[in-house]
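Structure first, then comments.
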Amino acid sequence: MIRVLIADDQELVRTGFQMILDAQPDMEVVSAVSDGAAAVAEARRLRPDVCLLDIRMPKLDGLEVTRLLAGPGVTDPLRVVIVTTFDLDEYVYGALRSGATGFLLKDSGPTLLLEAIRAAAHGDALVSPSVTVRLLQHLAQPAAPKPLDEPLTDRELDVVRLIARGRTNQEVAAELFVSLSTVKTHLGSIFTKLGARNRVEIAAWAWESGVVN
C-alpha cells in the first residue's frame, strides 16, 4: 500500500483527493490536514510514502514544507508531490529545487494525480504536461555546470540523457540494450557523482549543463 498524506487548506479539495485515493486498491490516506505546520508534524510522525501538498497554505506554504521534508540537508527525505491551482514558473522551479518529485495542476485530472503518486512512491518523477515545456525551455539555457569531482562515463551520460527525457528504467534498458540491473547500477553511480537525490535533479542537471538540448 502507498501511504499518502494530503495537505490543502480547502476542505472540498482534501475530501475529493481522499475519495479518489481511498478508492484505489494500492493507496491509503493516512492523514489529511489544512495547514503547512500540521503537514510537517504529521509527515514526520507518520512517515508516509508520498506527501501531497498544496502551495498556498496557512502557517507554512507548500514550498517551505517541501524544504523541511525533502530539501537539501534533510537526512531521510520524504517524497513530495505539489498539486496546485497556481501555474507560476517560480512555484514550479521552487518546488523542484526544494526537493519535490512531482508538480501537478489541480485541473490535471485524477488519472495524472494517481500516476504522479505512484511515480513518486517508486522514486520517479512526474511534472504536469502543461508546465513541462516551459520548464525544459528554462532549463535548456546552458549554464556553467558545477565541476564534478568524478566525471560521468560515456555510458552514464547516455543514461542521464534518457532520464532527462522522461524514460523509465525499463525504457532506458531497452534503448541501450542493457539489463535493468545494469541501468540501476549506472543510476546509483550517477546519483553519487551528481549529488542528486532524485531523477528530477538528474534531469535538471542534464538540461542546465547542456548534456541534452
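The values are calculated or read from the model by the stated rules, or taken from the named source; none is laboratory data. Quick caveat: nothing in here was measured; it's all calculated off a predicted structure. No Cβ is skipped: glycine too gets one built from the backbone with ideal geometry, and neighbour counts run over all protein chains shown. Areas reflect the complete protein model, heavy atoms only, side chains present, ligands, DNA and RNA absent. Shrake-Rupley method; radii C 1.70, N 1.55, O 1.52, S 1.80 Å.
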Query raised in the report: Has region 170-179 got at least one residue that is modelled with pLDDT under 90, surrounded by fewer than 20 Cβ atoms within 10 Å (Cβ to Cβ) and either of a type in the set (D, E, K, R) or not assigned by the TED database to the domain that holds residue 52 (or both)?
Result: yes
Query raised in the report: Within the set of pairs 6+ apart or on separate chains, which have a first residue in region 34-54 that is of a type outside the set (A, V, I, L, M), a second that is open to solvent by less than 10 Å² (accessible area, probe 1.4 Å) and assigned to a helix (DSSP H, G or I), and C-beta atoms under 6 Å apart?
Result: 36/65; 51/43; 54/62
Report summary line: Quick count over region 29-85, residues being open to solvent by less than 10 Å² (accessible area, probe 1.4 Å) and closer than 21 Å to residue 106 by Cβ, is 20
Query - The lone exception for residue 196 - which of (1) open to solvent by 30 Å² or more (accessible area, probe 1.4 Å); (2) part of a loop (DSSP other than H, G, I, E, B); (3) closer than 24 Å to residue 118 by Cβ it fails - result: (1)
